Amino acid sequence: MPTYMTCFSYNTEGWQKLAKNPEDRSVPVKALMEKLGGKLVCMYYMAGDYDGFIVYEAPDAKVAATAIVAVELAGHIRTLKTSQLFTVAETMEVLGSAGKLAYPAPKG
């Protein structure tokens, strides 16, 4: 299954609710991913540009997008950014395939 990483930031209301009633948000994320045929790999909070991230497997990009839209509709998220992840082996395959192609650089 393809692997994705979604970085997220809570809005003020989301933080206020979590501060008033702390809860493990990986539980509903895991349930959502399993309902869609995917799997939550991990969830971390962090300091920086985003409040945290999740890594998950989804059957395809449409399922990943469905999960992201469902989370967004809950109303407690300010920002989401999703990227597909590739293993080292997958990357080696991509590099090998790309190395066999010729693509001209711009002429200038």
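Pairs are defined by a Cβ separation below 8 Å, a sequence spacing of at least 6 or placement on different chains, a first member in segment 79-104 that is farther than 30 Å from residue 11 by Cα, and a second member that is surrounded by 13 or more Cβ atoms within 10 Å (Cβ to Cβ); the pairs so defined are 87/3; 94/86. Counting only residues that are more than 18 Å from residue 76 (Cα to Cα) and not basic (Lys, Arg), segment 36-46 holds 6 of them.
Using the structure shown, decide if residue 70 is surrounded by 17 or more Cβ atoms within 10 Å (Cβ to Cβ) and either among the hydrophobic types (A, V, I, L, M, F, W, C) or out of contact with any strand residue (DSSP E or B) (no Cβ under 8 Å at 6 or more places or on another chain) (or both). No; evaluated as a whole, the condition is false for this residue.
When 4, 56, 44 are checked against the criterion of being without any contact (Cβ under 8 Å) to a residue 40 or more places away in the chain, in a strand (DSSP E or B) and on the phi < 0 side of the Ramachandran plot, 44 stands alone in meeting it. If the condition is being more than 22 Å from residue 1 (Cα to Cα), in a loop (DSSP other than H, G, I, E, B) and in contact (Cβ under 8 Å) with a residue 12 or more places away in the chain, then segment 59-78 contributes 75, 76. Scanning segment 1-35 for residues that are farther than 17 Å from residue 74 by Cα and under 18 Å from the mean Cα position of the chain (by Cα) yields 1, 2, 3, 4, 5, 34.
Here, each number is a calculation from the coordinates, and none is a lab measurement. Predicted model only: the values in this text are computed from it and were never measured. All Cβ positions, glycine included, derive from the backbone under ideal geometry; neighbour counts span all protein chains shown.
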